[in-house]
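Participant: Structure below; questions to follow.
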Amino acid sequence: MGTAVNLYSAAFVARYSRGSDGHRAPLREPGVCGVVPAGEERTIRLLAIDDRAYDRFRTVVPTARQGIANVFDTASRCDDFMRGQPGWNAERPVAAMVCGDIQAVPAVTLPDELVLRAVRLTSEAPDAIPLEDAAAVAIASDPGITGTADEFAAHLRGLPTSVRLFAAVDERGVVRATSGCDVFGDYARVFFVNTEPGWRRRGLGSAMTVEALRAAASAGARQAFLDATDDGASVYMRLGFEVAGQLTRYSRAA
């Protein structure tokens, strides 16, 4: 298994096994990793690296009540299996990417006319940017996000308390770009990187990613991972990220 795949897999397990209350058990087997139910819980978080994961998927997925299953394109049997499972929805394929050393990421600054602000996830940050404003920019920039800004904001509020979100705003306080990070131990997940369509190709994606990585590093993270669209992958590669593989995310709600 390549170094990038190892890093992505380790971060995946760390993300979903944190704060385990005895109902979730970390899983590390040839070709598969993640978190599976222990006891009565029927929620799974699985990553299929290759088709050695097939038997585990065939055993665990049909009994799961909810969860996610990420499948690398090197696990084609697992992918075919997931596509045949009722109630599981496939999202668009993404590039799984990793950064082995956050400190080595080059410095990238925002355009002079923009400033960085925190995004308000709770009522305890009255001077921050309203979450709905940041959510609206994300919806405008990403056709994969469905629902209203209020609905998407409600989803963001349900994320772990370790999540930090950021916005680049102009002199009128209008949000033009966003990013976010979630830190768990040595690892950080970068997400919510969006740029208003009219402000693209000005380096905002790179700058906002770097801001998220700086915040992650200050919280103790040393390595980072993310899932990138085709358009975003080249931005992250210029910052030192490398591709671990292409994957499809399947999800099922309770």
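The values are calculated or read from the model by the stated rules, or taken from the named source; none is laboratory data. On a predicted model such as this, the values are computed, not experimentally measured, just so you know. Here Cβ is always computed from backbone atoms with ideal geometry, including for glycine, and neighbour counts include all displayed protein chains.
Participant: Can you name every residue in segment 86-131 that is in contact (Cβ under 8 Å) with a residue 12 or more places away in the chain, buried (at least 18 other Cβ atoms within 10 Å of the Cβ) and within 18 Å of His155 (Cα to Cα)?
Facilitator: Val119, Leu121, Ile129, Leu131
Participant: Determine whether Pro143 is within 18 Å of the chain's Cα centre (by Cα), surrounded by fewer than 12 Cβ atoms within 10 Å (Cβ to Cβ) and more than 30 Å from Thr3 (Cβ to Cβ). Even if it seems obvious, please write down each step before you answer.
Facilitator: Numbers: within 18 Å of the chain's Cα centre (by Cα): yes; surrounded by fewer than 12 Cβ atoms within 10 Å (Cβ to Cβ): yes; more than 30 Å from Thr3 (Cβ to Cβ): yes.
For Pro143, the condition - within 18 Å of the chain's Cα centre (by Cα), surrounded by fewer than 12 Cβ atoms within 10 Å (Cβ to Cβ) and more than 30 Å from Thr3 (Cβ to Cβ) - is met.
Participant: Just to check your reading of the model, which residue among Leu247, Leu165 is outside the structural domain of Val119 (by TED's automatic domain parsing), closer than 22 Å to Ala14 by Cα, modelled with pLDDT of 95 or more and within 16 Å of the chain's Cα centre (by Cα)? Spell out how you get there, then give the answer.
Facilitator: Working: Leu165 fails: outside the structural domain of Val119 (by TED's automatic domain parsing).
That would be Leu247, the only listed residue that is outside the structural domain of Val119 (by TED's automatic domain parsing), closer than 22 Å to Ala14 by Cα, modelled with pLDDT of 95 or more and within 16 Å of the chain's Cα centre (by Cα).
Participant: If only one of Tyr187, Tyr236 is in contact (Cβ under 8 Å) with a residue 24 or more places away in the chain, in the same structural domain as Ile139 (by TED's automatic domain parsing) and hydroxyl-bearing (Ser, Thr, Tyr), which one is it? Let's see the steps before the verdict.
Facilitator: Numbers: Tyr236 fails: in the same structural domain as Ile139 (by TED's automatic domain parsing).
Criteria check complete, one pass: Tyr187.
Participant: Quick one: in segment 185-207, of everything that is more than 16 Å from Leu116 (Cα to Cα) and at pLDDT 95 or above, which residue is surrounded by the fewest Cβ atoms within 10 Å (Cβ to Cβ)? Quick ask: steps written out before the conclusion?
Facilitator: Kept after step one, since they are more than 16 Å from Leu116 (Cα to Cα), are these residues of segment 185-207: 185-191, 197-198, 200-201.
With the extra rule that they be at pLDDT 95 or above, the set shrinks to 186-191.
Details: Asp186: 14, Tyr187: 25, Ala188: 29, Arg189: 23, Val190: 28, Phe191: 18.
Out of the qualifying residues, it is Asp186.
Participant: Another question, if that's okay. Return the residues of segment 63-75 that are under 23 Å from Ala10 (Cα atoms) and outside any strand (DSSP E or B); say none if nothing qualifies. Even if it seems obvious, please write down each step before you answer.
Facilitator: Taking segment 63-75 and keeping what is under 23 Å from Ala10 (Cα atoms), we get 64, 66-75.
Within segment 63-75, Ala64, Asp73, Thr74, Ala75 meet the criteria.
Participant: For segment 9-43, name all the residues that are closer than 21 Å to Trp88 by Cβ, in contact with a helix residue (DSSP H, G or I) (Cβ under 7 Å, 6 or more places away or on another chain) and at pLDDT below 95.
Facilitator: Within segment 9-43, Arg24, Val35, Val36, Arg42 meet the criteria.
Participant: Report, by residue number, each residue of segment 199-228 that is farther than 19 Å from Asp182 by Cβ and either within 15 Å of the chain's Cα centre (by Cα) or among the aromatic types (Phe, Trp, Tyr) (or both). Outline the logic, then answer.
Facilitator: Initial filter on segment 199-228 (farther than 19 Å from Asp182 by Cβ): 199-204, 206-207.
Result: Trp199, single match.
Participant: Just give me the residues in segment 211-253 being of a type in the set (Ser, Thr, Tyr), surrounded by fewer than 19 Cβ atoms within 10 Å (Cβ to Cβ) and within 29 Å of Gln66 (Cα to Cα), in sequence order. Working first, answer last.
Facilitator: Pass one, segment 211-253, residues of a type in the set (Ser, Thr, Tyr): 218, 229, 234, 236, 248, 250-251.
Next, from what is left, pick out any that are surrounded by fewer than 19 Cβ atoms within 10 Å (Cβ to Cβ): 218, 229, 234, 251.
Matches in segment 211-253: Thr229, Ser251.
Participant: Please go through segment 50-85 and pick out each residue that is closer than 16 Å to Tyr16 by Cβ, in contact (Cβ under 8 Å) with a residue 60 or more places away in the chain and among the hydrophobic types (A, V, I, L, M, F, W, C).
Facilitator: Ala64, Ile68, Ala69, Val71
Participant: What do you reckon, is Val60 assigned to a strand (DSSP E or B) and either surrounded by 19 or more Cβ atoms within 10 Å (Cβ to Cβ) or modelled with pLDDT under 95 (or both)? Steps first, answer last, please.
Facilitator: Values: assigned to a strand (DSSP E or B): no; either surrounded by 19 or more Cβ atoms within 10 Å (Cβ to Cβ) or modelled with pLDDT under 95 (or both): yes.
Here the answer is no, as Val60 does not meet what is asked.
Participant: Also, I was wondering about something else. I need a count of the residues in segment 148-185 that are of a type in the set (Asp, Glu) and within 17 Å of Met97 (Cβ to Cβ). Talk me through it step by step, then tell me what you get.
Facilitator: The initial filter retains those residues of segment 148-185 that are of a type in the set (Asp, Glu), namely 150-151, 170-171, 182.
Now narrow it down to the ones that are within 17 Å of Met97 (Cβ to Cβ): 182.
Selection size over segment 148-185: 1.
Participant: Can you pull out the residues in segment 235-249 that are in a strand (DSSP E or B) and among the hydroxyl-bearing types (Ser, Thr, Tyr)?
Facilitator: In the first step, residues of segment 235-249 are kept if they are in a strand (DSSP E or B); the result is 242-249.
Hit for segment 235-249 is Thr248, nothing else.
Participant: If a residue must be farther than 18 Å from Pro160 by Cα and in contact with a helix residue (DSSP H, G or I) (Cβ under 9 Å, 6 or more places away or on another chain), how many such residues does segment 189-202 contain?
Facilitator: Residues meeting the conditions: 5.
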